[in-house]
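Heads up, the thing below is written out as structure tokens.
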Amino acid sequence: MGPAGNCRPPSAGGNHCAVSRGSKAALAATLVLIVAGVFAVGPLARARARRAVLTACQRRVEGTCSVGRISLARDGVLVEDVRVEGAGGHHRARVQRVAASFRWTSVLIGAEQPVDLRVSGVRVIVRGSLDEVARLPLRREVSATRGRRRFSLGVVRASGVSVEAVVTGERAVEARMLEGELALEPAVSRARWQELTVRHADVTARTGRCEATRGAGAESVECVGFAVDADARAAQTLPSLVDAALAAVRNARGDGEPSATAEPSAEPAVQRTLSATDGAVRLRQGRETVADLRPATVRASLRGSTLESVSAQLGDDLGGAPSLAVTWTRDGERWRAELDAAAIPLSRVARWVPSVPWHDTGNGVARARVRVRPDDARVFDIDGELSLEDFGLEHRGLAREPVDGLSASLRGAVRVELGARRRVSTQRIEVAINGVRFLAGGSVERGEGYTAIDASVNVPPTDCDLPRRNLPRAVLGPLAGFTFSGTIGMEARLVLDTRALSATTLTSNVADACRVVRASGEVDVARFTAPFVQRVTQPDGLRAFITGPSAPAWTPYEQVSPFVVAAVVQREDGGFFRHRGFSPDEIRGALVRNVSLGRFAYGASTLSMQLVKNVFLAREKTLVRKLQEVALTWWLERTLDKRSILELYLNVVEFGPEIYGIGPAARFFFGKEPSQLTVLESAYLATLLPAPVPRFSIFERGIIGNDTLARLRAIARGMAANPIVGPDAAREAQSQGITFRPRNTPPPEPQTLMVPPETTDAEAAERVRALAVRIAPSTAPAEPPATPEEP
């Protein structure tokens, strides 16, 4: 029997077997079914994928989710425009593209397989309180089982990630992360970002390029480039802020107590480290920069979500050691910090602390070791030591020229209390400046509307010549030419409370055993025994005049009215005849008045101090000049008697424009000799001394007003207790007036003899000799008055 059907023998050539029409139809039907199945299963698969995405999203989010376009590919699914919005609108996210890669064959047969995700264009926005942020479900789900199909999350890669978070409430925080990427693998997770900015109160922190890695029970974050800008007052809020942020992370990750949306994790506490290099830290006090620290490196260590330690290295390495190392560690529920700096070049410290008026720090060195321990959240104990070697300062309030060659050290402990009542207190702080030591103690407290000070200073017995040998020439001035012997010590205490200024106390006890071995030629008092040139700095330049014994305008003490002496002493220095150059009562009174006014309006200079300013020092308000003034006053009081001091003072002090000395003043204003002045006239001249040029306008008007006359009579009544005035003269002054010299009448000679500032004392003496034959006294001298004394 031949081949069945249309089959041909092999010898015949062509196909071995021809397909029947029925077979062709079956094949065509099969192809049609396959194509139809594809078209039918595609929408079904997309719908299943959409439902799966929405189900997974809504299972993780208390809110709404939406999915845009879904496309099928031979190796997975592409989902576009996924949007998530939490309940209440506190958080929302948008993902542009999610590509899930898997094998369709494994899906059809239900075999287990990993699913790889590639996500791009992710933007997350979170707003709300810290508790609301902490409740966000942030734990990633690593596997899921549904029916017979089992999947495991393989690799997740996200790019174009940006995050914006704003925490409202008591601890308001704003954070932004731009241009990040994320990679999650079964064993290792990695994240990278270009910039992260966090703002909290007066603190702003920015990172540069960062990379975070997690694996094998450890996490690390490494950043290159960062900047921290903070107000120094905001530092007190940082520990509580860190604890709150870590608590939020702990709750969100499930490391702590379970929440409604996050189950507790069974994994052990992960060791976490943070490292940030090539950064800068800037501290401000308001708008003023108090520290600019760069380059900076910061490292932090956490166990789970508990911060264990933070260390910072500020500045370059010096011989393998950090310029400045700061370590913060947790001690149970509290923390402690240590700062250690060994031999930091002072030029670098100067850049860190630009608010200090540094000068010539090229060879300087700084050393420090400071420990900070909290007693509670707002009370800190700080102890340690700080030293600065070989540096200079330049500031117009310090000296008129740079002060170089300084060294300073500080050692001790203080307690700082913050909050509504801010208080700094110490039992003892030892301070040394160029080897000159003193001890300080007490407290300063500021509360709402008040300031309270209880401070003491103790200078242990010190070699009197030590300051002269050790302090820079710019500080010593004319004191550099002195030599001292003996010792000196001092104790002083100030108690002041702005709520009760009248109770202010200022006490001092000086153990003075100093002696002058040699005086400086710059301040030789023998100069005042002959005519000399007195120079005065005025706003329009330097002026000079000739004074001194035998000079035409010089008035000997015996020819000065005792009323003038009484008025000047009462107005300028009531304790002149009792003190030794310094008046604690005047210092206390001036301090109280200045504090009550909130500005420096009153000084506490005695007549001796005023004389030192006039004849030895330039007229400048600097700290250095004040120190020189104190030392020279001490010396002057031990060199001249009270009468000689008063005589010199009354002959060099200014009473008006180019009117220097009591003789020219008495003749200019009243046409009289100083010995002839009345009580009221003497009181008037005494009132000119604090501001002689501005008060010259009274004379220019030509008449004393009623208010001025009443004040002068009040001064006269105050002089009644002085034996050299007495009640009778004071009472008589109440019915007297004052008559100025007529403006159209020239003042009697001699007046102040002005000369060029470059005139020497020798030239002044020669000029006085040349004038002596032409100058005759206008009146005979009065009988010498009794030596004024205080009752």
### Task
Residue by residue through region 508-542, note down the ones that are assigned to a loop (DSSP other than H, G, I, E, B) and more than 30 Å from D454 (Cβ to Cβ).
A519, S520, D524, A530, P531, P539, D540
### Task
Would you be able to say whether some residue in region 502-514 is farther than 30 Å from G447 by Cα, among the aliphatic types (A, V, I, L, M) and in contact with a Pro (Cβ under 9 Å, 6 or more places away or on another chain)?
yes
### Message
For region 62-104, give me each residue that is acidic (D, E) and either under 15 Å from G128 (Cβ atoms) or open to solvent by less than 30 Å² (accessible area, probe 1.4 Å) (or both).
### Response
E62, E85
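This table checks each residue for (1) surrounded by fewer than 17 Cβ atoms within 10 Å (Cβ to Cβ); (2) more than 30 Å from the chain's Cα centre (by Cα).
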position	(1), (2)
G548	no, yes
P556	yes, yes
R593	yes, no
E620	yes, no
#### Entry: Condition met for F696 (surrounded by 15 or more Cβ atoms within 10 Å (Cβ to Cβ) and part of a helix (DSSP H, G or I))
yes
### Query
Mind checking whether some residue in region 757-767 is open to solvent by less than 70 Å² (accessible area, probe 1.4 Å) and free of Cβ contacts under 8 Å to residues at least 60 places away in the same chain?
no
### Message
Cβ contacts < 9 Å: first residue at pLDDT 85 or above, restricted to region 273-301; second residue among the aromatic types (F, W, Y), any location; separation 6+ or different chain. Result?
### Response
A276/F226; T277/F226; D278/F226; G279/F226; A280/F226; V298/F226; A300/W328
### Task
Filter region 172-221 for residues that are under 30 Å from the mean Cα position of the chain (by Cα), under 21 Å from S301 (Cβ atoms) and open to solvent by 40 Å² or more (accessible area, probe 1.4 Å) and give the result.
L196, V198
### Query
Does E681 satisfy the criteria of being in contact with a helix residue (DSSP H, G or I) (Cβ under 7 Å, 6 or more places away or on another chain), of a type in the set (D, E) and in a helix (DSSP H, G or I)?
yes
### Task
Hey, can you tell me all the residues within region 720-735 that are in contact (Cβ under 8 Å) with a residue 40 or more places away in the chain, open to solvent by 70 Å² or more (accessible area, probe 1.4 Å) and either part of a helix (DSSP H, G or I) or in contact with a Phe, Trp or Tyr (Cβ under 9 Å, 6 or more places away or on another chain) (or both)?
A721, E732
### Meets criteria (over 18 Å from the mean Cα position of the chain (by Cα) and surrounded by fewer than 18 Cβ atoms within 10 Å (Cβ to Cβ)) for D360
no
### Query
For D375, all conditions in the list (1) in contact with a helix residue (DSSP H, G or I) (Cβ under 6 Å, 6 or more places away or on another chain); (2) open to solvent by 30 Å² or more (accessible area, probe 1.4 Å) hold save one; what is the number of the exception?
(1)
### Query
What's the number of the condition V353 fails, among (1) surrounded by fewer than 17 Cβ atoms within 10 Å (Cβ to Cβ); (2) modelled with pLDDT of 90 or more; (3) among the β-branched types (V, I, T); (4) more than 29 Å from D497 (Cβ to Cβ)?
(2)
## Note on the structure
Selection over region 603-618 where residues are open to solvent by 30 Å² or more (accessible area, probe 1.4 Å), outside any helix (DSSP H, G or I) and within 14 Å of Q538 (Cα to Cα) yields a count of 1
### Query
Of the residues that sit in region 401-437 and are in contact (Cβ under 8 Å) with a residue 40 or more places away in the chain and under 29 Å from R468 (Cβ atoms), which one is least open to solvent (accessible area, probe 1.4 Å)?
V403
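The values are calculated or read from the model by the stated rules, or taken from the named source; none is laboratory data. Keep in mind that this is a model prediction, so the values were computed, not measured. Here the Cβ is made from the backbone with ideal geometry for all residues, glycine too, and neighbour counts use every protein chain on show. All accessible areas refer to the heavy atoms of the entire protein, side chains included, with ligands and DNA or RNA removed. Shrake-Rupley method; radii C 1.70, N 1.55, O 1.52, S 1.80 Å.
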